[in-house]
Amino acid sequence: MHPVITHDVLNQAEPLVGANLFAGNRALQDALRFNRPGYDVQRFTALGAEAGSAAMQQHARLANFHPPQLKSHDRLGRRIDEVEFHPSYHALMAAAMRQGLHGTPWSLGPGAHVDRAAAFMLFTEAEPSMLCPISMSYAVTPALRANPAIFADWGPGLASTRYDERFLPFDQKRGLTMGMGMTEKQGGSDVRANTTRAEADGQDGWGARYRLTGHKWFLSAPMCDAFLVLAKTGEGTAAGLSCFFLPRWLPDGSLNAMRVQRLKHKLGNQANASSEVEFHGATAWLVGDEGRGVPQILAMGAITRLDCALGSAGLMRQALSIALHHTAQRQAFGKRLDAQPMMFNVLADLALESEAATALALRLARAVDATENGTDASGHEKLIGRVLTPIAKFWICKRGSYFAQEAMECLGGNGYVEEQGEGVMARIYREMPVNSIWEGAGNIMALDLLRALRTGAVVDALAHEMAPAKGAHPALDAALARVLHGLDGSTDEAQARRLARDTALVLQAALLRQHSTDAVFTAFCASRLDDRSDVFGALPAGCDLAAIVDRARLQ
Ligand SMILES: Cc1cc2nc3c(=O)[nH]c(=O)nc-3n(C[C@H](O)[C@H](O)[C@H](O)COP(=O)(O)OP(=O)(O)OC[C@H]3O[C@@H](n4cnc5c(N)ncnc54)[C@H](O)[C@@H]3O)c2cc1C
């Protein structure tokens, strides 16, 4: 019997494995050099190798393909409210904490938040969904400091670079993580609709103690060691939202009354558990002033929004690298795909978008860094950070899904296939939208921009920020004049998205002018400010596509 041979496997592009994701990423290197002169090249080169390694890719595949499982009760019917993860999830968590992507930058001094931002972007290319608890653990510090007693006990564990997956009281663990609970069924954006109630329950070493009763409709990473949650204190018209610290285990060693009702069945973000929970008289401690819960927890939200921008920029870069790698191997109609003029235009356009996202996200990280580390004598960085946060979160995350769709199409049908988690592009596509939704969806960001405009001399700050690019391109000068007019406070809500988009674009152009190449800067201005296209791959004639694509290739 002769075997029946139907075909040979030919012309299939090999997956991108084992590339150094930092050494080949010139856009990130240049953005880092600009925002963090003297950064540690060796550290990033090592991280780039780790993030691109076959071992990390395998962990990412397994952690996503074997999503977490809720064990609400033990075999004997006792409530345990535990979530079980695949070992690869824990391996990824351990790697992220070893890199200090959670609480460590808060005590490291100037530059640490920029370093961490770049590292977070690189790690996103390895696996984004388990970065949810990492991000929340990073972001919680500014809010948690408002309760110094709790921060003194928990701060070291949140900054520890040792991951401890064991479900134990905080004082028995080597490293700690934290999450947040704001969203309820009847309102997420509008947290004023929250109904969870807090009843005073005395005072102890951690301050005013309360009992919480109610629910949270979304609460990600329920195996975190503690959460900041919003609940109402007071009665009737005097009721106000306050921020509380709610640990999974109580100091006496008993399990707190937080019931994990079920895990969400999500589009993407599979490795991360997102749950619905109920509080049955759960014990929690006040953080900040009573009735000031929203601004208190937003100190955390401002930082997680930075991570949404960083995360989307990281995913864009990953999708771009895969698209470049694939089209350099696959032949169609007698040529490599990337030698086809139209595909080349698509790749160049994606490269512009990816670099612009990287530039804007790292600029925001520098603002956070300077504000936090007291290197912002003029107050400029604080104001820029306040305005840039909603702009970067809005625009970079909005562009993410659109970007992922086009990058996926570069791989043709193979891009759409999951194949037990091997289809990384399909995973990126499913992951992308979440950064746009959580931590405040697009409209909420645009509304927040309008609020931010009332916090200081924003027009002057923006003009100062843009000064290095003044006169560099006529389309940029014209766009900036329009934007500055809109920032004077006259924009109404219906136009807020337009303002967020236009401000993002001029800022991105100005940053590209300062730390990218002429080819990238002029093509960005020509395609985003002069002649806006609603589809990737329509860069106008005259753009130096070869220079743009060459710069973007992983070496
Ligand atoms: C995977 C996942 C994990 C999550 N994890 C957490 C978590 O750990 N903790 C937590 O607290 N939350 C979490 N969330 C919830 C998330 O933050 C909310 O879903 C989000 O803030 C939107 O709130 P909502 O779902 O209630 O939508 P809504 O508030 O109903 O908003 C729906 C739409 O209306 C728009 N909108 C709302 N108000 C206005 C307005 N005034 N003008 C114009 N448009 C408006 C919004 O932009 C949005 O597009 C998670 C969500 C997801 C998907």
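The values are calculated or read from the model by the stated rules, or taken from the named source; none is laboratory data. This one's a predicted model, so the numbers in the text were calculated from it and none came from an experiment. We place every Cβ from the backbone using ideal geometry, glycine too, and count neighbours over all the protein chains shown. Please note that ligands, DNA and RNA were not included when accessible areas were found on the heavy atoms of the full protein model with its side chains. Shrake-Rupley method; radii C 1.70, N 1.55, O 1.52, S 1.80 Å.
Please list, ordered by chain and number, the residues whose modelled amide H lies under 5 Å from the amide H of residue 184; skip anything fewer than 5 residues away on the same chain.
Those lying under 5 Å, H to H, from residue 184 are 217.
With a 1.4 Å probe and all protein chains kept in place, how much accessible area does residue 41 have, in Å² rounded to the nearest 10?
80
Within the P(r) computed for the stretch 1-99, what percentage of the Cα pairs occupies the region above 21 Å?
So the pairs more than 21 Å apart make up 60 percent of the total in the stretch 1-99.
Around residue 51, with a cut-off of 10 angstrom between Cβ atoms, what is the net charge of the other residues, counting Lys and Arg +1 and Asp and Glu -1?
-3
When the helices in the chain are scored as -39500 (n - 2.57) per DSSP H run of 4 or longer and the sum is shared across all residues, what 222 nm value do you end up with, to the nearest 500 deg cm²/dmol?
Rounded to the nearest 500, it is -15500 deg cm²/dmol.
Could you pull the accessible area for residue 342 with a 1.4 Å probe, rounded to 10 Å²?
The accessible area comes out at roughly 150 Å².
Just to confirm, what accessible area per residue do you get for the stretch 82-172 at 1.4 Å probe, in whole Å²?
30
Taking one equal scatterer on every alpha-carbon of the stretch 286-425, how large is log10 of I(q)/I(0) by Debye at q = 0.21 1/Å?
So the normalised log intensities are -1.16.
So who's got an amide H within less than 5 Å of the one on residue 22, skipping anything under 5 residues away but keeping other chains? H placed 1.01 Å off N, in plane.
Excluding prolines and chain starts, which carry no amide H, the hits are 48, 49.
Mind listing which GluC sites (Glu not before Pro) in the stretch 209-297 are in a DSSP loop and have 10 or fewer other Cβ atoms within 10 Å?
235
Rounded to the nearest 20 debye, what is the charge dipole size of the chain about its Cα centre when +1 sits on each Lys and Arg Cβ and -1 on each Asp and Glu Cβ?
380
Excluding residues on the same chain fewer than 8 positions from residue 216, give the lysines whose Cα lies under 27 Å from its Cα.
71, 173, 185, 232, 264, 266, 393, 398
Given a 1.4 Å probe and every protein chain left where it sits, what share in percent of the accessible area of the chain is carbon and sulfur?
53
For residue 89, what accessible surface area do you get with a 1.4 Å probe? Give it in Å², rounded to 10.
Roll a 1.4 Å probe over it and residue 89 shows about 10 Å².
Taking θ as phi - 60°, what are the ³J(HN,Hα) couplings along the stretch 93-107 by the Karplus curve (6.51, -1.76, 1.60), each to the nearest whole Hz, with x for Gly and Pro?
4, 4, 5, 5, 6, 4, 7, x, 7, 9, x, 5, x, 5, 10
Sorting 395, 249 by accessible area (1.4 Å probe), largest first, what list results?
249, 395
Using only the Cα atoms of the stretch 177-292, each taken as one equal point scatterer with no solvent, compute I(q) by the Debye sum, divide by I(0), and report log10 of the ratio at q = 0.18 Å⁻¹.
Ignoring solvent entirely, the Cα scatterers give -0.88.
Suppose we keep just the alpha-carbon trace of the chain; what are its Rg and Dmax in angstrom?
Cα radius of gyration and Dmax of the chain are 23.8, 86 Å respectively.
For the stretch 295-552, what does the relative contact order come out to in percent, with C-alpha contacts under 8 Å and a separation of six or more?
26
Suppose the chain between residue 23 and residue 71 were pulled fully straight at 0.36 nm per residue; how much longer would it get relative to their current alpha carbon spacing?
Here the segment from residue 23 to residue 71 would lengthen by 13.0 nm.
If you consider only alpha-carbon coordinates, what radius of gyration and Dmax does the stretch 26-159 have, in Å?
17.3, 59
Work through the residues other than residue 110 whose Cβ is under 14 Å from its Cβ and net out their charges, Lys, Arg +1 and Asp, Glu -1.
-3
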